[in-house]
Amino acid sequence: MSSTRTIRVLHAPRERVFRALLDPEAIATWRVPANMTAQVHRFDAHVGGHYRISLTYDSPDVAGKTTAHTDTYHGYFQSITDGKQVKEQMEFETDDPDMRGMMNVSIKLWDHADGTELDVLHTGIPPGVDPADNELGWNEALDRLAGIVEHG
């Protein structure tokens, strides 16, 4: 199992960034890598609340982990510290043993002179997921998050 860490400064107030971490409409827009679209099936944003999300590749040439072109994952919220941190556990819905296993995502927020510093730590990444691809996906997602919170 591997891990990635992505740190970003967003030019927006911490409260606005935090809201986007728990809003299912915002999640469907930002928490998806480039060249994919997201569908939020379930999203209960409270401690112990569950979610289920599908990410579908725009290109029919890319194979998904769950179905032909889709990666579906489910998880739950381990802890939510208002305005400061969200911890989740999640796993892909797949028959591929190299893609299985519970992953942990911790997103921490701090006030920063330019807005909000965000630190995403993703641990327990299954051996079938290239850490470089995971880090790229998070960076692309955080680009989208910046587009939402910095302009709104």
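The values are calculated or read from the model by the stated rules, or taken from the named source; none is laboratory data. Not measured: the values here are computed from a predicted model. Cβ sites come from the backbone with ideal geometry, for glycine too, and all protein chains shown count toward neighbours.
Tabulated values for the structure
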read-out	value
Conditions (1) charged (D, E, K, R); (2) out of contact with any Leu (no Cβ under 6 Å at 6 or more places or on another chain); (3) more than 17 Å from Pro13 (Cβ to Cβ); (4) free of Cβ contacts under 8 Å to residues at least 40 places away in the same chain; number of the one not met by Lys108	(3)
Tabulated pairs, the range 13-37, first under 19 Å from Phe77 (Cβ atoms), second of a type in the set (Phe, Trp, Tyr) and assigned to a helix (DSSP H, G or I), C-beta under 7 angstrom, 6+ apart or interchain	Ala20/Trp30
Test: His46 is part of a loop (DSSP other than H, G, I, E, B), surrounded by fewer than 16 Cβ atoms within 10 Å (Cβ to Cβ), touching a residue at least 12 places away in the same chain (Cβ under 8 Å) and not charged (D, E, K, R)	yes
Residue match in the range 63-76 (condition: acidic (Asp, Glu) and within 16 Å of the chain's Cα centre (by Cα))	yes
Counted residues, the range 115-135 - those being more than 12 Å from the chain's Cα centre (by Cα) and not in a strand (DSSP E or B)	8
Residue within the range 78-85 that is of a type in the set (Lys, Arg) and farther than 16 Å from Val105 by Cα present	no
Of the criteria (1) assigned to a loop (DSSP other than H, G, I, E, B); (2) in contact (Cβ under 8 Å) with a residue 40 or more places away in the chain, which one Thr94 fails	(2)
Test: residue in the range 52-59 that is charged (D, E, K, R), surrounded by 15 or more Cβ atoms within 10 Å (Cβ to Cβ), within 16 Å of the chain's Cα centre (by Cα) and assigned to a strand (DSSP E or B)	yes
Gln89 closer than 22 Å to Ile125 by Cβ and surrounded by fewer than 19 Cβ atoms within 10 Å (Cβ to Cβ)	yes
Test: Arg52 is at pLDDT 95 or above and touching a His at 6+ places or on another chain (Cβ under 6 Å)	yes
Identity of the residue in the range 9-37, part of a strand (DSSP E or B) and surrounded by fewer than 17 Cβ atoms within 10 Å (Cβ to Cβ), that ends up farthest from the chain's Cα centre (by Cα)	Val9
Hits in the range 6-20 - residues which are touching a helix residue (DSSP H, G or I) at 6+ places or on another chain (Cβ under 8 Å) and closer than 25 Å to Gly49 by Cα	Thr6, Arg16, Val17, Arg19, Ala20
